[in-house]
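In what follows, a single structure is set out as structure tokens and then discussed.
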Amino acid sequence: MTRKLEELFDLPPTAQDVDTSVPAIPENREKLAAIDDAIDKIDSALPAVRGLDATDTEMDELAGLATGSYKDLMDLGMQVDSRFASEIFSVASNMLGHAITAKTAKLDKKLKMIDLQLKKARLDQQTAASKDSNEEAIPTAQGMVLSRNDLLERIIAGNKENTKKE
């Protein structure tokens, strides 16, 4: 139901109009802060490319215009004769589609830029690793080959030592 019909018939607002926001759970605040920091880092890296802000504002303007036109056409469609309403609703859905397309294009562009930055960081890391490869590799672990019986003897000896300490 639209707001205009609610006002016309003096009906209470629908559940969609009522704000049912839930306060953030304290355990999630740290995670949200970490996510916000990551987003801030990404946003601070994006302006390094020229022209990103201009196209972002243009896409936001286009999405806003299309959304406004959608709302106007939906209100008009509710007020005209039913035989003409289908055409108006069809145009309104096209306007909403254009708004979604504008927002999607904006997000795709940002994701491509992030992908390029990650690829560049990976390439930088690989080139730095290739420069360090001249040094000897440091072993990270040592191992030995044991038979099943030797392994069982060590496990039993370890258990006996643990029971003596307790």
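Only the coordinates and a few stated rules stand behind these numbers; no lab work does. These numbers come from a predicted model, not from an experiment. Cβ sites come from the backbone with ideal geometry, for glycine too, and all protein chains shown count toward neighbours.
In terms of surrounding Cβ atoms within a 10 Å radius of their Cβ, Val91, Val145 rank from fewest to most as Val145, Val91.
Starting from 0.36 nm per residue, how many nanometres of slack lie between Asn94 and Leu5 once their C-alpha separation is accounted for?
29.7 nm
Give, as ranges by residue number, the residues of region 82-122 whose backbone N falls under 14 Å from the point 7 Å along Cα→Cβ of Thr57. The answer is none.
Using Cβ counts within 10 Å as a stand-in for footprinting exposure, how do Phe89, Phe9, Phe84 rank, fewest first?
So the ranking, lowest neighbour count to highest, is Phe9, Phe84, Phe89.
Derived from the Cα gyration tensor, the three semi-axes of the equivalent ellipsoid of region 28-132 are 43, 16, 12 Å, largest first. Applying the Karplus relation 6.51 cos²θ - 1.76 cosθ + 1.60 with θ = phi - 60° to region 55-72 yields 3J(HN,Hα) values of 6, 5, 5, 5, 5, 5, 5, 4, 5, x, 5, 5, 5, x, 5, 4, 4, 4 Hz, where x marks Gly and Pro.
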